[in-house]
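One structure is given below, encoded as structure tokens.
The values are calculated or read from the model by the stated rules, or taken from the named source; none is laboratory data. It should be emphasised that the depicted structure is a prediction, and the values quoted were computed from it without experimental measurement. Methodologically, a virtual Cβ is constructed for each residue, glycine included, from the backbone with ideal geometry; neighbour enumeration extends over all protein chains shown.
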Amino acid sequence: QAVDFPTAQALGLIPSLESLGIPQIQVFPVQGRCSFTNTWHEARGSRAHEGVDIIAPRGNLIYAVVDGTITKVYNNASLTGNGVRLTMADGTYFFYAHLDTIAPNITVGTVVKAGQILGTNGSTGNTTTPHLHFEVHPRGGAAIDPTPIVAAVNACHITEPRPQS
């Protein structure tokens, strides 16, 4: 019988992401009904896709997945559209793209807590379908496949926003 990723981890059938040196997230990045599939390294013109696309309605809240600092804000960049880079103390960063809006209190240098609202879902930049493009760069290096990281805390079935502190 098949088991899902979190159950397999809980049963000790596979090692934890953390034990493999792979970052874990504390909060799912998108509020409400959504979906995602593994599109890691699929062709995107002359480049490879380096993230996971979480499809959700325009306007759904986008959250900080960990405690960290906003180290870059993108405003209407050609590929990214509106987006942010959230960086942890060890240099690991999470890249969010295609946001409809960025929360007004989110600027470079803002210290955020996991679960804090970063903005709203959208389709800015090089896309037409509202979704969050989400990347993970351990210790500031090359992107890794974020699908298992996101799947470990999959909250696409949750419709209520996470309470804000």
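So here's what we get for this one:
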{"quantity": "Within the range 25-83, tally of residues that are among the aromatic types (Phe, Trp, Tyr) and more than 12 Å from the chain's Cα centre (by Cα)", "calculated": "2"}
{"quantity": "Which numbered condition Leu132 fails, given (1) in contact with a helix residue (DSSP H, G or I) (Cβ under 8 Å, 6 or more places away or on another chain); (2) within 21 Å of Arg33 (Cβ to Cβ)", "calculated": "(1)"}
{"quantity": "Thr71 being polar (S, T, N, Q) and in contact with a Lys or Arg (Cβ under 9 Å, 6 or more places away or on another chain)", "calculated": "yes"}
{"quantity": "Verdict on Phe134 being touching a Lys or Arg at 6+ places or on another chain (Cβ under 6 Å) and assigned to a strand (DSSP E or B)", "calculated": "no"}
{"quantity": "All positions within the range 25-49 that are buried (at least 20 other Cβ atoms within 10 Å of the Cβ), touching a strand residue (DSSP E or B) at 6+ places or on another chain (Cβ under 6 Å), at pLDDT 90 or above and not in a strand (DSSP E or B)", "calculated": "Pro29, Cys34"}
{"quantity": "Residue selected from the range 63-104 under the condition in contact (Cβ under 8 Å) with a residue 40 or more places away in the chain, small (Gly, Ala, Ser) and not in a strand (DSSP E or B), by the criterion surrounded by the fewest Cβ atoms within 10 Å (Cβ to Cβ)", "calculated": "Ser78"}
{"quantity": "Among the residues listed as Thr87, Thr101, the single one being hydroxyl-bearing (Ser, Thr, Tyr) and within 25 Å of Trp40 (Cβ to Cβ)", "calculated": "Thr87"}
{"quantity": "Residue list for the range 1-12, restricted to those being loosely packed, with under 12 Cβ neighbours inside 10 Å, assigned to a loop (DSSP other than H, G, I, E, B) and at pLDDT below 80", "calculated": "Gln1, Ala2, Asp4, Gly12"}
{"quantity": "Boolean, Leu61 is touching a Phe, Trp or Tyr at 6+ places or on another chain (Cβ under 7 Å) and either over 19 Å from Arg44 (Cα atoms) or β-branched (Val, Ile, Thr) (or both)", "calculated": "no"}
{"quantity": "Check on Thr107, in a loop (DSSP other than H, G, I, E, B) and modelled with pLDDT of 95 or more", "calculated": "yes"}
{"quantity": "Set Thr69, Thr101, Thr120: member being modelled with pLDDT of 95 or more, touching a strand residue (DSSP E or B) at 6+ places or on another chain (Cβ under 8 Å), polar (S, T, N, Q) and more than 17 Å from Gln31 (Cα to Cα)", "calculated": "Thr69"}
{"quantity": "Scan of the range 22-52 for residues that are over 19 Å from Ala143 (Cβ atoms) and β-branched (Val, Ile, Thr), ordered by number", "calculated": "Val27"}
